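To start, the structure under review is shown below, and the notes come after it.
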Amino acid sequence: MADKRLFILAQPDFPKTKGFQLLTRFMQGHREIKVSFATRTAHLAAALATGECDLIFAAGLTNQAHALITDQEPYLAVLPTPLVSQLGLSMATTVSLDQLAEQDLLLPSQGHPLRRELDANFKMAGTPLPSVEEEDALDLRLTKVAQFLGATLAPQSSLPTELPVGCQLFGLSPALLSSQGFLAPAQPSETARVFLEWLQEQSGQ
């Protein structure tokens, strides 16, 4: 009989998530399935679409079909230092969505899971997103913030421990949450189905 394999592509912070803890428990109870994962900073959805992996673990999965959410975490704003002074936020820990909507924003492109989630969150808060400069790679967005070219938003765990010089971190008011979890293609593999059914059983307990 052919080996049963489950290959997952995940965002870099995957080992720090509840999703990873759940996968570890699944592996302990399903030793007949050889589970492996690799991390990648971008193009996870494209890898899933081309069949490169059985599942992906990613952020920005709110309202996505074939997704099972395991983690939620806050979005944080990264602002250039001159803008912090300009907005009078030097003593503040949060920035309002209204204030952000008036700035030049650097965000992932249309169709990116995080962008879809942010668009929906801003709309729900009654503050539609303005026109933005699009860049999927977070490190490039942070570099542009450090060059005073705009502000950006990202899930907390995706941000580096040390931000580039010239960047400052703020919470959002009201808070926006990013949903992280496992996403399967429309026709999942047999091993992906087994894992997703097991996950649903865990969430039902």
Point to revise | The lone exception for THR191 - which of (1) assigned to a loop (DSSP other than H, G, I, E, B); (2) in the same structural domain as ARG31 (by TED's automatic domain parsing); (3) not basic (Lys, Arg) it fails | key: (1)
Check your understanding: If you check THR62 against the conditions, is it touching a strand residue (DSSP E or B) at 6+ places or on another chain (Cβ under 7 Å) and either basic (Lys, Arg) or in a loop (DSSP other than H, G, I, E, B) (or both)?
Key -> yes
Review point. Can you find a residue in region 101-122 that is in contact (Cβ under 8 Å) with a residue 40 or more places away in the chain and closer than 30 Å to LYS34 by Cβ?
Key: yes
Revision key, fill the gap. Residues of region 156-199 being surrounded by fewer than 14 Cβ atoms within 10 Å (Cβ to Cβ), among the polar types (S, T, N, Q) and closer than 19 Å to LEU48 by Cβ, in sequence order, are GLN187
Exercise for review: Would you mind finding the one in GLN21, GLN28 that is loosely packed, with under 12 Cβ neighbours inside 10 Å and on the phi < 0 side of the Ramachandran plot?
Suggested key: GLN28
**Study point:** Residues satisfying the stated conditions in region 81-104, i.e. in contact with a strand residue (DSSP E or B) (Cβ under 8 Å, 6 or more places away or on another chain), surrounded by 11 or more Cβ atoms within 10 Å (Cβ to Cβ) and assigned to a loop (DSSP other than H, G, I, E, B)
**Key:** LEU87, LEU89, ALA92, GLN103, ASP104
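The values are calculated or read from the model by the stated rules, or taken from the named source; none is laboratory data. Note that the structure is predicted; figures quoted are calculated from it, not measured. Here Cβ is always computed from backbone atoms with ideal geometry, including for glycine, and neighbour counts include all displayed protein chains.
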